[in-house]
Amino acid sequence: MKTEQLLYSTMSGWEMITNNNLSEKANLIFIFGDRELLKQAEHIDYLKKHYPNAQILGCSTSGEICQTTLHNEHLVCTAVWFEKSQIKTATATIKSMEDSFSTGAEIGQKLDADDLIHVMVFAEGLNINGSELAKGLNSVLKDEIPVTGGLAGDQADFKETVVVGNQVGIKNFVSAIGFYGKHLKTGNGSMGGWNSFGADRLVTKSDKNVLYELDGQPALELYKKYLGDHVAGLPASALLFPLSLQLKDRDSSLIRTVLSIDETDGSMVFAGDIPQGEYVRLMTANSEKLIDGASLAAEMSLTQPGLTEPDLAVLISCVGRKLVLKQRAEEELEAVKEVLGGKTTMTGYYSYGELCPINLIESKCELHNQTMTITLFKEI
């Protein structure tokens, strides 16, 4: 397995960051970048001409990761040559948020096979219920098949996200890669680093990922009381104050962030489910704990057997972390690199949601928010 990386900006054009002469050999390209650049056919055509045998998948971002550098409004492309392993891609259109489960199941059915070992998914970032997408994938795939990936971003505009599946980026789209064969080892890890505060609030009215009431009060009204001066910046400012969702049937919790709000009925739409009858608590963060969380995610991803010095790491971190870390955002990338080692190629992006098993014991995919989520690849 070998990799090489390219970077595109409107100022400098295409630039080769690392070169392993993979033009004819590469069979997969990860592309993460600016929404408007991904809509331009010339960039996808350039990659198809330069890498004629490669599948091209990725999405728009809230920041692009190339090694330990964070870019904005660029295209970061990582070409991969799997020498001993096989890949297969699948795509689907998601017509509405209600179709999230069926879209996940459709992708799972297209990729399922006896020698499947891992699935990576890039999905629409706004018109989607990420929890239902994960449940759809889980409904088809075997329990032992890890599913990782993320939702697309668009800086923090919350206007439109696009996904690439061997064509220009389009909205309401999901693309995925299935990885096959006994020579490929994968690992994953996901950690947050956020602190919860305030009282536990009972979810008294919700419908999947739409939250209407907490403790019998309109959810948006209660939420605004905590935001103070940040209210004017909704929904983007909500990234600074996610909710911790306590799960009654397990000891762990999930983080949920707001995608949109409705002033008329006082509801809030989240990236994933907020089940009625569960408890939530507001969260906040400081930079040091987020950076420590990134290190822990890297350590977790390395615990799977056979992953010493991985060839490739795909990092998907939440845009909320970027907003908190500000000029220190690259420090979480450096923290990951320090754990993984200098030989590992790193790519990825800042997202509106991350897909990964909740821990090393429970293998089923879940939607996460506000985490650093890492997927590792190594051929043996």
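Every read-out reported here was derived from the displayed coordinates using simple, explicitly stated rules and does not represent laboratory data. Quick caveat: nothing in here was measured; it's all calculated off a predicted structure. Glycine gets a Cβ as well: all are built from the backbone with ideal geometry, and neighbour counts include every protein chain shown.
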Original post:
Sorted from fewest to most neighbouring beta carbons within 10 Å, what does the list 148, 308 look like?
Top reply: 308, 148
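Calculate, in nm to one decimal, what residue 217 and residue 36 gain on full extension: separation in residues at 0.36 nm each, minus their alpha carbon distance.
Numbers: separation 181, 0.36 × 181 = 65.16 nm, distance 4.01 nm.
Residue separation times 0.36 nm, minus the Cα-Cα distance, leaves 61.2 nm.
Return one quarter of the surface area of the convex hull spanned by the alpha-carbon atoms of the range 257-380, equal to its mean projected area, in nm². Let's see the in-between values first.
Details: hull surface 36.4 nm².
Averaging across all directions leaves 9.1 nm² for the Cα convex hull.
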**OP:** Determine which aspartates and glutamates satisfy two conditions relative to residue 2: a Cα distance under 20 Å, and not lying fewer than 8 residues away in the same chain.
**Re:** 15, 24, 83, 309, 311, 379
**OP:** Averaging over all projection directions, find the projected area of the Cα convex hull of the chain and quote it in nm² with one decimal place.
**Re:** 16.9
**OP:** Convert each backbone phi in the range 272-285 into a coupling constant with the Karplus relation 6.51 cos²θ - 1.76 cosθ + 1.60 (shift: θ = phi - 60°), then list the ³J(HN,Hα) values in order as whole Hz, x for Gly and Pro.
**Re:** x, 5, 10, x, 5, x, 8, 10, 10, 9, 5, 10, 8, 8
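Any of 343/364; 159/322; 49/185 with alpha carbons more than 25 Å apart? Name them for me.
Details: 343/364 30 Å; 159/322 18 Å; 49/185 30 Å.
Where the Cα-Cα span goes over 25 Å, the pairs concerned are 343/364; 49/185.
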**OP:** Pick out, in residue order, every one of the GluC sites (Glu not before Pro) in the range 12-120 that is DSSP loop and has at most 13 other C-beta atoms within 10 Å; say none if there are none.
**Re:** 24, 83
Original post:
Taking θ as phi - 60°, what are the ³J(HN,Hα) couplings along the range 307-315 by the Karplus curve (6.51, -1.76, 1.60), each to the nearest whole Hz, with x for Gly and Pro?
Top reply: 10, 5, 6, x, 6, 9, 10, 9, 9
Subject >> Charge tally in the Cβ shell below 14 Å around residue 234, where Lys, Arg are +1 and Asp, Glu are -1, residue 234 excluded >> reply: -3
**OP:** Using every Cα-Cα pair within the range 195-284, state what percent have a distance larger than 23 Å.
**Re:** 11
Original post:
Using the Karplus equation 6.51 cos²θ - 1.76 cosθ + 1.60 (θ = phi - 60°), what ³J(HN,Hα) coupling, rounded to whole Hz, does each residue of the range 128-144 give in order, writing x for Gly and Pro?
Top reply: 7, 10, x, 5, 5, 4, 5, 4, x, 4, 5, 5, 9, 7, 4, 4, 7
Original post:
Relative to the first principal axis of the alpha-carbon coordinates of the chain, what is the inclination of helix 100-111, with its axis defined by its Cα atoms, in degrees from 0 to 90 and to the nearest 10?
Top reply: 20
Original post:
Using Cα atoms only, what is the angle between the long axis of helix 287-301 and the major principal axis of the chain, expressed in degrees (0 to 90) to the nearest 10?
Top reply: 50
Subject >> Nearest 10 degrees, 0 to 90: helix 329-340 Cα axis against the chain principal axis >> reply: 60
Original post:
Fully extended, how many nm does the chain gain between residue 334 and residue 196 (0.36 nm per residue separation, minus their Cα-Cα distance)?
Top reply: 47.1 nm
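Taking the Cα centre of the chain as origin, work out the dipole magnitude from +1 charges on Lys and Arg Cβ and -1 charges on Asp and Glu Cβ, in debye rounded to 20.
Values: 34 positive and 50 negative charges, 83 e Å.
About 400 debye.
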Original post:
Is any residue of the range 252-270 close enough, with backbone N under 14 Å, to a label point placed 7 angstrom from the Cα of residue 227 along the Cα-Cβ axis, and if so, which?
Top reply: 257-270
Subject >> Approximate spin-label separation residue 10-residue 98, in nm, with each point projected 7 Å along Cα-to-Cβ >> reply: 3.9
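Within the chain, what's the longest stretch lacking trypsin sites (Lys or Arg not before Pro) that sit in DSSP loops with no more than 12 other Cβ atoms inside 10 Å?
Numbers: sites that count: 84, 95, 142, 159, 182, 248, 250, 343.
Longest stretch, sites excluded: 251-342.
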Original post:
By what distance, in whole Å, do the Cα atoms of the range 77-146 stretch along each of the three principal axes, largest value first?
Top reply: 39, 30, 15
Original post:
Roughly speaking, what is the stretch gain from residue 166 to residue 289, that is 0.36 nm per residue apart minus the C-alpha to C-alpha distance, in nm to one decimal?
Top reply: 40.5 nm
Subject >> the range 269-342 - convex hull of the alpha-carbon atoms, volume per residue in Å³ >> reply: 132
Subject >> Pairs from 208/378; 326/378; 135/205; 142/248; 224/326 whose Cα-Cα separation, in the structure shown, is over 26 Å >> reply: 208/378; 326/378
**OP:** Evaluate the distance, in nm, between pseudo-label points positioned 7 Å from the Cα of residue 262 and of residue 157 along their respective Cα→Cβ axes.
**Re:** 2.5
Original post:
Rounded to the nearest 500, what is the chain's calculated 222 nm mean residue ellipticity when only DSSP H runs of at least 4 contribute -39500 (n - 2.57) each, over all residues?
Top reply: -6000 deg cm²/dmol
